[in-house]
Amino acid sequence: MTSFNRYFIVVFLISAQLFAQKAAFDVVPLGVKGGIDEKNLSAYLVTPINTHDYICLDAGTINAGIEKAISNKVFNVSTSEVLRKYIKGYCISHAHLDHVSGLIINSPADSSKTVYATKKCMESMEKHYFNEETWVNFGDEGPGFQLKKYHFQTLTIGEETKITNTTMTVKAFPLSHVNPFESTAFLIKNGKDAVLYLGDTGPDSVEKSNDLGELWKTIAPLVKSKQLRGIFIEVSFPNEQPDSSLFGHLTPKHLMKELHKLEDLTGKGAMKNFKIIITHLKPPSQNIVKIKEQLQKGNDLGVQILFPEQGKRFEL
């Protein structure tokens, strides 16, 4: 092999590596916890890299998260402008208050946009929240007088839907959150690139379900092709929590078991350095510390485990 050929190969490999590492999405967590901290509950802004066309994945905390991001210099505009202009819509995984309270409370100050949810989730929000009794109906469906600020768009499971005013699409998949109560996973795509966000979910073995197993089958090809940039998935309790008291959530041990099932479908080593973004960590603080330690110790797959912080931007 000539020196020129060796030089060409080195340049090619470096270029290929740089291309593979190029980020596809910007993420701004507005809230990262489960539990009692009403200023820091599940909500993640996701947009194609270098744009401000965000979809908000769950909406437990909105205003406080935007203010935190502004203080971290993620945004250089007002809280109102981020809420009204940057957030193009909301994908709500299930109607528990720690995933939807920010949407409800901020609705009077918000602009017109679309709320995406599965049929059961949407029915719960219309029946219990946007019903002109517990809260004004800011939507275009449901009981009472409809202000029609929000378009309530029901997602059909497994069907790709365009996210209005963005270049992204969303596809919904069912999750079990204390069977038979349903939660949702959202596959967000922009061109060939994708991220997967899971709402609250228990492990298949405890939930007596195959929802996660079916989801892994669907996304395995995207992991193998490196089109899937990361998975947002909850871990609410440390390993000491008994299965009988999981209440439809995961522990580090159960998460790793599920990720091993995904690796069985992608091939050995395919998960190495793959990004797993941990959501829904529940207080008290000593439990959160324990969860993080147990995840790192039990990471025999070599995945890259990320612990997002409220108001701190990162890339996928």
Looking at (1) under 24 Å from V32 (Cβ atoms); (2) without any contact (Cβ under 8 Å) to a residue 60 or more places away in the chain, can you tell me which one A185 breaks?
(2)
Where the second residue is of a type in the set (K, R) and in a strand (DSSP E or B) and the first is without any contact (Cβ under 8 Å) to a residue 60 or more places away in the chain and surrounded by 11 or more Cβ atoms within 10 Å (Cβ to Cβ) and lies in the range 267-289, which pairs have Cβ atoms under 8 Å and are six or more apart or on separate chains?
K275/R229
Based on this model, can you work out whether K226 counts as in contact (Cβ under 8 Å) with a residue 12 or more places away in the chain and part of a loop (DSSP other than H, G, I, E, B)?
yes
Name the residues in the range 167-206 that are more than 23 Å from L306 (Cα to Cα), small (G, A, S) and part of a strand (DSSP E or B), would you?
A172, S176
From the options K149, K127, residue that is of a type in the set (D, E, K, R), modelled with pLDDT of 95 or more and in contact with a Ser or Thr (Cβ under 7 Å, 6 or more places away or on another chain):
K149
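Search the range 67-102 for residues being among the hydrophobic types (A, V, I, L, M, F, W, C) and within 23 Å of A24 (Cβ to Cβ), and hand back the single one that is surrounded by the fewest Cβ atoms within 10 Å (Cβ to Cβ). Lay out the reasoning, then the answer.
Taking the range 67-102 as the starting set, the residues that turn out to be among the hydrophobic types (A, V, I, L, M, F, W, C) are 69-70, 74-75, 77, 82-83, 87, 91-92, 95, 97, 100.
Checking which are within 23 Å of A24 (Cβ to Cβ) leaves us with 69, 74-75, 82, 87, 91.
Numbers: A69: 21, V74: 17, F75: 20, V82: 24, I87: 24, C91: 28.
Within the range 67-102, the match that is surrounded by the fewest Cβ atoms within 10 Å (Cβ to Cβ) is V74.
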Out of all the residues in the range 234-249, is one or more assigned to a strand (DSSP E or B), within 24 Å of V170 (Cβ to Cβ) and touching a residue at least 40 places away in the same chain (Cβ under 8 Å)?
yes
In the range 257-266, which residue that is within 16 Å of T218 (Cβ to Cβ) and of a type outside the set (D, E, K, R) is surrounded by the fewest Cβ atoms within 10 Å (Cβ to Cβ)?
L265
Could you tell me which residue of the range 113-147 is farthest from G191 (Cα to Cα), considering only residues that are touching a residue at least 24 places away in the same chain (Cβ under 8 Å) and assigned to a loop (DSSP other than H, G, I, E, B)?
V136
Quick check on I219: is it at pLDDT 95 or above, surrounded by 19 or more Cβ atoms within 10 Å (Cβ to Cβ) and not in a strand (DSSP E or B)?
yes
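Filter the range 66-93 for residues that are part of a loop (DSSP other than H, G, I, E, B) and either under 19 Å from V32 (Cα atoms) or out of contact with any helix residue (DSSP H, G or I) (no Cβ under 9 Å at 6 or more places or on another chain) (or both) and give the result.
Of everything in the range 66-93, those that are part of a loop (DSSP other than H, G, I, E, B) and either under 19 Å from V32 (Cα atoms) or out of contact with any helix residue (DSSP H, G or I) (no Cβ under 9 Å at 6 or more places or on another chain) (or both) turn out to be N72, K73, V74, F75, I92, S93.
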Some residue of the range 267-277 being touching a strand residue (DSSP E or B) at 6+ places or on another chain (Cβ under 9 Å), of a type in the set (V, I, T) and under 27 Å from D193 (Cα atoms)
yes
Only one of I157, I163 is out of contact with any Gly (no Cβ under 7 Å at 6 or more places or on another chain) and of a type outside the set (S, T, N, Q), namely I157
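The values are calculated or read from the model by the stated rules, or taken from the named source; none is laboratory data. Since the structure is predicted, the reported quantities are computational estimates derived from the model, not experimental observations. Glycine gets a Cβ as well: all are built from the backbone with ideal geometry, and neighbour counts include every protein chain shown.
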